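The values are calculated or read from the model by the stated rules, or taken from the named source; none is laboratory data. It should be emphasised that the depicted structure is a prediction, and the values quoted were computed from it without experimental measurement. Methodologically, a virtual Cβ is constructed for each residue, glycine included, from the backbone with ideal geometry; neighbour enumeration extends over all protein chains shown.
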Amino acid sequence: MTIENEEQLEKLRIVGKLVARTLTAMGEALEPGMTTRELDDLGRGLLEQAGARSAPELTYDFPGATCISIGPDCAHGIPDDTVIKAGDLINIDVSAELDGYFGDTGASFAVPPTRPRIQRLCEDGRKAMWAGIRAVKPGARLNEVGRSIETFANKNGYSLVRNLASHGVGRSLHDEPSEIPTWYEKNDRRRITEGLVFTIEPFLSLGAEWVEEMDDGWTLRPPHQEATVQYEHTLVATRRGPLILTLA
């Protein structure tokens, strides 16, 4: 969506902060021995306390309040009785609807003890996301976001998953623009307009360029089980630069 007034911006700020706080709380609670269902229950409780609804449940009838994926799975994992173990790489994606507006955020967490290569992957996953965020300004080509992310990935020896993309958000979980590549698409001539609300969420990987859907119809996994991380913010393009809505 494109923001038209201050009331819309304030409502997006509120839901953005809510999903950010929920993600932070889930990340802090994460520990070996708990199940992904228990972690999801924590997230559900925080959303419901604020009067919000899980966006994946509301929009897609997803079987959980949040998406929790244990590596090698990297997206859309279903919360269940799987027990989290030391050394796991876990992605948590939190999105919600509140008062007609949607916020979306996510992050990957390495459960100690963490191998140095995985720790660096997590650190660089955040850096890749911020490389894309810094490219956001009204009037710029939308593909400059992907160009910046791909430049970072190539420089540091990573691949990017290319069948998962960023997207517009606001009045729906997946709003216009419907797909924003986190890699460089030279023929994409769309431009960033002032007030445009969208996510930036690269999937940075140790070799994977695509993911496959598992038999449950939701969970996404790299074909050769390459470690992959995702970090995501919802933001607004403003004349002063990107305004991040999903900071706790």
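Filter the stretch 168-179 for residues that are without any contact (Cβ under 8 Å) to a residue 60 or more places away in the chain and under 18 Å from residue 231 (Cα atoms) and give the result. Before the answer, list the steps.
At the first step, the residues of the stretch 168-179 found to be without any contact (Cβ under 8 Å) to a residue 60 or more places away in the chain are 177-179.
Once the filter is applied, which keeps residues that are without any contact (Cβ under 8 Å) to a residue 60 or more places away in the chain and under 18 Å from residue 231 (Cα atoms), the stretch 168-179 yields only 179.
So, in the stretch 160-217, how many residues would count as being part of a loop (DSSP other than H, G, I, E, B), acidic (Asp, Glu), closer than 27 Å to residue 3 by Cα and more than 14 Å from the chain's Cα centre (by Cα)? Give the steps one after another, and end with the answer.
Residues of the stretch 160-217 part of a loop (DSSP other than H, G, I, E, B): 161-165, 169-174, 181-190, 192-195, 201-202, 206-211, 214-217.
Next cut, acidic (Asp, Glu) only: 185, 188, 194, 201, 209, 215-216.
Those still in the list that are closer than 27 Å to residue 3 by Cα too: 185, 188, 194, 201.
Narrowing the set further to residues that are more than 14 Å from the chain's Cα centre (by Cα) leaves 185, 188, 194.
The total comes to 3.
For the stretch 161-168, does any single residue satisfy the condition of being of a type in the set (S, T, N, Q) and farther than 21 Å from residue 89 by Cα?
Restricting attention to the stretch 161-168, the residues satisfying the condition of being of a type in the set (S, T, N, Q) are 163, 166.
Remaining after also requiring farther than 21 Å from residue 89 by Cα: 166.
Yes, the conditions are met somewhere in the stretch 161-168.
Which pairs turn up if I take residues in the stretch 215-232 that are at negative phi and among the β-branched types (Val, Ile, Thr) and look for partners that are modelled with pLDDT of 95 or more and in a loop (DSSP other than H, G, I, E, B) with beta carbon separation below 7 Å, at least 6 apart in sequence or on another chain?
Qualifying pairs under 7 Å: 219/73; 219/76; 219/77; 219/78; 228/74; 228/161; 228/208; 228/222.
Considering 157, 87, which residue is farther than 28 Å from residue 18 by Cβ, in a loop (DSSP other than H, G, I, E, B) and touching a residue at least 12 places away in the same chain (Cβ under 8 Å)? I'd like the intermediate steps shown before the answer.
Numbers: 157 fails: touching a residue at least 12 places away in the same chain (Cβ under 8 Å).
Step by step, each of 157, 87 is checked, and only 87 is farther than 28 Å from residue 18 by Cβ, in a loop (DSSP other than H, G, I, E, B) and touching a residue at least 12 places away in the same chain (Cβ under 8 Å).
Return yes when residue 26 is surrounded by fewer than 16 Cβ atoms within 10 Å (Cβ to Cβ) and of a type outside the set (Val, Ile, Thr) and no when it is not. Lay out the reasoning, then the answer.
Details: surrounded by fewer than 16 Cβ atoms within 10 Å (Cβ to Cβ): no; of a type outside the set (Val, Ile, Thr): yes.
The answer is no for residue 26.
State all residues of the stretch 38-76 that are in a loop (DSSP other than H, G, I, E, B), of a type in the set (D, E, K, R) and in contact with a strand residue (DSSP E or B) (Cβ under 6 Å, 6 or more places away or on another chain); if no residue qualifies, say none. Talk me through it step by step, then tell me what you get.
Quick first cut of the stretch 38-76, residues in a loop (DSSP other than H, G, I, E, B) only: 50-52, 61-66, 71-74, 76.
Okay, now just the ones that are also of a type in the set (D, E, K, R), so 61, 73.
Once the filter is applied, which keeps residues that are in a loop (DSSP other than H, G, I, E, B), of a type in the set (D, E, K, R) and in contact with a strand residue (DSSP E or B) (Cβ under 6 Å, 6 or more places away or on another chain), the stretch 38-76 yields only 73.
Here are some residues: 159, 178. Which one is surrounded by 20 or more Cβ atoms within 10 Å (Cβ to Cβ) and among the hydroxyl-bearing types (Ser, Thr, Tyr)? Walk me through how you get there before you give the answer.
Values: 178 fails: surrounded by 20 or more Cβ atoms within 10 Å (Cβ to Cβ).
Criteria check complete, one pass: 159.
For residue 17, indicate whether it is farther than 24 Å from residue 111 by Cα, out of contact with any Phe, Trp or Tyr (no Cβ under 7 Å at 6 or more places or on another chain), among the charged types (D, E, K, R) and touching a residue at least 40 places away in the same chain (Cβ under 8 Å). Can you show your working first?
Details: farther than 24 Å from residue 111 by Cα: yes; out of contact with any Phe, Trp or Tyr (no Cβ under 7 Å at 6 or more places or on another chain): yes; among the charged types (D, E, K, R): yes; touching a residue at least 40 places away in the same chain (Cβ under 8 Å): yes.
Yes, satisfied.
Being touching a residue at least 24 places away in the same chain (Cβ under 8 Å), of a type in the set (Asp, Glu) and either surrounded by 24 or more Cβ atoms within 10 Å (Cβ to Cβ) or under 28 Å from residue 128 (Cα atoms) (or both) narrows it down to one of 31, 10, so name that one. Lay out the reasoning, then the answer.
Values: 10 fails: touching a residue at least 24 places away in the same chain (Cβ under 8 Å).
On inspection, the qualifying residue turns out to be 31.
Can you run down the residue pairs with Cβ atoms below 7 Å, 6 or more apart or on separate chains, where the first is in the stretch 106-134 and polar (S, T, N, Q) and the partner is not in a helix (DSSP H, G or I)?
Short answer, once both residue conditions are applied: 108/89; 108/90; 108/91; 108/229; 108/230; 108/231; 119/110.
Of all residues being over 22 Å from residue 171 (Cα atoms) and of a type in the set (A, V, I, L, M, F, W, C) in the stretch 25-61, which is farthest from the chain's Cα centre (by Cα)? Just the residue, please.
Here is the first cut: in the stretch 25-61, the residues over 22 Å from residue 171 (Cα atoms) are 25-42, 45.
Now restrict to residues that are of a type in the set (A, V, I, L, M, F, W, C): 25-26, 29-30, 34, 39, 42.
Numbers: 25: 16, 26: 14, 29: 19, 30: 18, 34: 23, 39: 17, 42: 19 Å.
Ranking the qualifying residues of the stretch 25-61, first place goes to 34.
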